[in-house]
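Here's the structure, in structure tokens; my notes come after.
The values are calculated or read from the model by the stated rules, or taken from the named source; none is laboratory data. Source: prediction; values computed, not measured. Backbone-built Cβ (ideal geometry, glycine too); neighbour counts: all protein chains shown. Each accessible area value is taken on the protein alone, full model and side chains, heavy atoms only, with ligands, DNA and RNA left out. Shrake-Rupley method; radii C 1.70, N 1.55, O 1.52, S 1.80 Å.
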Amino acid sequence: MTMLLNHASHGDGIGYSFAQPTAAPVQQHSFYPYTDNGGSTLGITGSDFAILAGDTRSTSGYNINSRMAPKVFKIGGDDETGEGAQIVLSVVGFAADGNALKERLDNIVKMYKYKHGKPMSVSACAQRLSTILYEKRFFPITYTRFWEGKGALYSYDPVGSYEREQCRAAGAASSLITPFLDNQVNFKNQYVPGSGEGHALEPKKAEPLSRSTAEGLVRDAFTSAVERHIEVGDYLQLVTITKDGIEEAFQPLKKD
Amino acid sequence: MDHFPGTWGRPRNDVYGAYDHSYLHTTGPKTHTSSPAVTGTSVIGVKFNGGVVLATDNLASYGSLARFTDVKRLRTFGENAVVGFGGDVSDMQYIDRLLESMDIRENYSSHGNMLNAKNLHTYLAKVFYKRRSEFNPLWNHVLVAGFDGEGKPFLSSADLLGTTFSGPHLATGFGAHLAVPILRRLFPEERPIEDISKEEAVSALKDCLKVLFYRDARSIDKYSIAVITKDGIDLKEDEQIENQSWAFAERIKGYGAQTK
């Protein structure tokens, strides 16, 4: 009997002498509200322009959902054509959150114009977007995104931390594109030839790029990313913002 | 001596410990809404010149049990829109009721029901996204077929997370693995939709349903198919997959108990 008594009751559980204590916790089937739709985006600014580019592939796991699902959006313009917009937003990560965010910012920018009779300034819109994201601090809108207008480029994290930058890559292939950008935009690890030996070498100074150079870098970055990342491909959406307005172009990428 | 007859014959508390009542009262949030119960499998759809075809089989499974074999998973909306449902069947019935009441409301308005498939898809995607944001998802993956505002064929998908995408041909569930490669081969991207006839699209979907019946364990050989054109919806709900043959199976090598 003492044997039985010693065996009895593990905590509050049923203490049958023959029962094996099970360490397995109650299985919980929880719902995960996010998914990763893959893809990558890239933004570069020069002195009088800004480029935002992204691929148009939408994935879930190893499946390709769609080959034409653009992720660079015009904000504050006409609903169908995007005409009159001066701001461009790109969201990469969970596409449903991306669309919801785009629609919210679009509404806010339009309401601002109706209320104040002037378009929202880029810096004001940048701060407003940060506030939108921070409002959802405890149920964040996932993944990195960036946003720009008229030569200014801002990048954000899911909870609204933001920064103005010269260039930024985000999304699935960001780790492949960023070092390329470091080298080709900010001239990292590049030195003035013949300026000295070892530490005396003079680093090459970064200077604003021309529009054609920047567009070439974007194309090269994406063709390379497509080679090495399965979630990137199909088409390149290239959106260029200048003081004259927004130009948009699609170019084919590899579809494998 | 135990003076309480009610406890006679029961496991003694001093030997076996107090009875564990914990299973009777569940603590924490409701969890039965966060997993599907009775489910439908793939939905497949193709655009063609002047319309869209959508197809599903007629099975509702309860886990691996083929529970209901006569379930209509294609639901019509208005004159020119159809929704194909995959996933939880009770959530499908809820959404169908939602759409029906919206259709009635629209028809009583002065302008009549003018909502097209594109509007319907936007609405459904927002319902899904709202419910996922409340952590109370509607466990479905749907295809919406019909016409957009410009009268062009429309085919788009929405799922329980609110994710949306569209394309010339789409499939949910197992169909995304088995039907999409067939459809991509038959209708490559460089081939314009205007080039695809209704008959070709319908026969492609029938082939896909056959492959799905061969290889998707949660499928059945009875199916529904809806052809949506400007003239309206031609919905057949009691079709049978025909000309199946496992003759190819004996030529398959590489796995199983074959010795040579």
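Overview of values
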quantity: Unit charges at the beta carbon, dipole of region B:41-240: most positive-side option, B:145, B:51, B:41; calculated: B:41
quantity: Residues of region B:125-139 with amide N under 17 Å of the 7 Å Cα→Cβ point at residue B:148; calculated: B:125
quantity: Solvent-free Debye scattering, log10 I(q)/I(0), computed from the Cα coordinates of chain B at q = 0.08, 0.13, 0.17 Å⁻¹; calculated: -0.41, -0.84, -1.31
quantity: Area of residue A:35 that stays accessible when all protein chains are in place (1.4 Å probe, Å², to 10); calculated: 40 Å²
quantity: Rounded to the nearest 10 Å², the accessible area of residue A:111 at probe 1.4 Å; calculated: 100 Å²
quantity: Mean ellipticity per residue at 222 nm, deg cm²/dmol - from DSSP H runs of n ≥ 4 across chain A, formula -39500 (n - 2.57); calculated: -9000 deg cm²/dmol
quantity: Angle between chain B longest axis and helix B:174-186 axis [Cα atoms, degrees, rounded to 10]; calculated: 10 degrees
quantity: For q = 0.06, 0.08, 0.10, 0.11 Å⁻¹, Debye-computed log10 I/I(0) when each Cα of the protein assembly as shown counts as one equal scatterer; calculated: -0.40, -0.66, -0.91, -1.03
quantity: Gaussian network model of chain B, Cα within-10 Å springs - most flexible of B:16, B:223, B:129; calculated: B:16
quantity: Charge dipole (region B:113-260, unit charges on Cβ, about Cα centre) - positive-most of B:219, B:133, B:179; calculated: B:133
quantity: Shape call, region B:102-186: gyration tensor on alpha carbons, a/c limit 1.5; calculated: oblate
quantity: Interface A:B - total buried accessible surface [probe 1.4 Å, Å², rounded to 100]; calculated: 2600 Å²
quantity: Above-threshold pairs, the threshold being 19 Å between Cα atoms, out of B:152/B:222; A:102/B:126; B:130/B:152; A:204/A:243; A:74/A:113; A:74/A:254; calculated: B:152/B:222; B:130/B:152; A:204/A:243; A:74/A:254
quantity: Chain B: calculated mean residue ellipticity at 222 nm from DSSP helix runs of at least 4, using -39500 (n - 2.57); calculated: -9000 deg cm²/dmol
quantity: Length gained when the stretch residue B:207-residue B:177 is fully extended (0.36 nm per residue, less Cα-Cα span); calculated: 9.4 nm
quantity: Electrostatic dipole magnitude of the protein assembly as shown [Cβ: Lys, Arg +1; Asp, Glu -1; Cα centre; debye, to 20]; calculated: 540 debye
quantity: Extent along principal axes [Cα atoms of region A:37-252; Å; largest to smallest]; calculated: 60, 43, 35
quantity: Size of electric dipole in chain A: Cβ of Lys, Arg +1 and of Asp, Glu -1, about Cα centre, debye, nearest 20; calculated: 440 debye
quantity: With DNA, RNA and ligands ignored, accessible area of residue B:238 (1.4 Å probe; Å², nearest 10); calculated: 120 Å²
quantity: Gain in span if fully extended, residue B:90 to residue B:245, counting 0.36 nm per residue against the direct Cα distance; calculated: 52.4 nm
quantity: Isotropic mean projected area of the C-alpha convex hull, region B:49-99 (nm²); calculated: 4.2 nm²
